[in-house]
1. For segment 72-263, what is the percent of antiparallel DSSP beta bridges, rounded to the nearest 5?
2. Taking the Cα-to-Cβ direction at residue 148 and at residue 165 and moving 7 Å from each Cα, how far apart do the two end points lie in nm?
3. Which FRET efficiency, nearest 0.05, do residue 265 and residue 124 yield, Cβ-Cβ r, R0 25 Å?
4. With a Förster radius of 45 Å, plug the Cβ-Cβ distance of residue 72 and residue 242 into 1/(1 + (r/R0)^6) and report the FRET value to the nearest 0.05.
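Derivation of every value follows stated rules applied to the coordinates shown; laboratory data play no part. Because the structure is predicted, anything quoted here is derived from the model rather than measured. Note that we place each Cβ from the backbone using ideal geometry, even for glycine, and neighbour counts take in every protein chain shown.
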Ligand code: NAP
């Protein structure tokens, strides 16, 4: 049988459709079964029969026609983007394709709560660079939701707002760097956060996220996926340092962003 299994932690291939929230919110939950329980409790899709299945341990049972459970999935690309670069853009595109996200909303933060002791570039510059970088991709949009909110940019506040505006039939996937997501347990209201969205951790190839996630409980780990992004060798920190040292940043980020940096004399000190 040509089934596409979705069980196990965080290994999602392009084209695979994550349909977890449907089962979590219906009879599977009532049975104490979680769809990513692996072989004993897997779930997936029979493409030729257009049905969703799950195995709660007593054999395979078909539950629903695919078209009845297909949800819209929106990507939320959160970041400081100081500056945005090709690593971020390739990560967003890889997540979009793998999870069939439409659109991917880039959400530059206003005041990152975990960088209270580090100065970040003025929000208007980071916002405009994000707009310049994403303008040619019809699937990408930039949201001002965090920029227009006073105070620290807690992801929970953003997810509450976006959840309310998109409504219950949309799954939200928060995309960020693996390093940021590994600190998830310290984020504000993390329990509620994990009820509002899934997480996609952008990693370098070969990065063993499941090992790194060992400090998270199983419940949390099940909500985190990963996408591998070779271009993540590029980093904002390195770009800022290169500008300060007068080195070239060509081909690390889109040319309009490079020009913006020079025009506004960013990262010189
Ligand atoms: P960060 O801590 O500066 O980033 C950690 C690593 O992940 C860096 O290597 C960074 O590379 C990379 N990275 C960051 N965002 C990425 C993205 N969207 N795609 C791919 N790689 C990414 O992260 P940050 O940008 O400040 O924060 C990430 C998101 O988490 C933001 O939306 C932030 O507000 C949120 N966050 C929320 C809380 C909270 O609510 N308490 C706490 C921490 C973070 P670069 O340096 O090259 O970007």
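1. 0
2. Roughly 0.6 nm, to one decimal.
3. Numbers: r = 14 Å, r/R0 = 0.58.
For residue 265 and residue 124, the calculated efficiency is 0.95.
4. That gives a FRET efficiency of 0.70.
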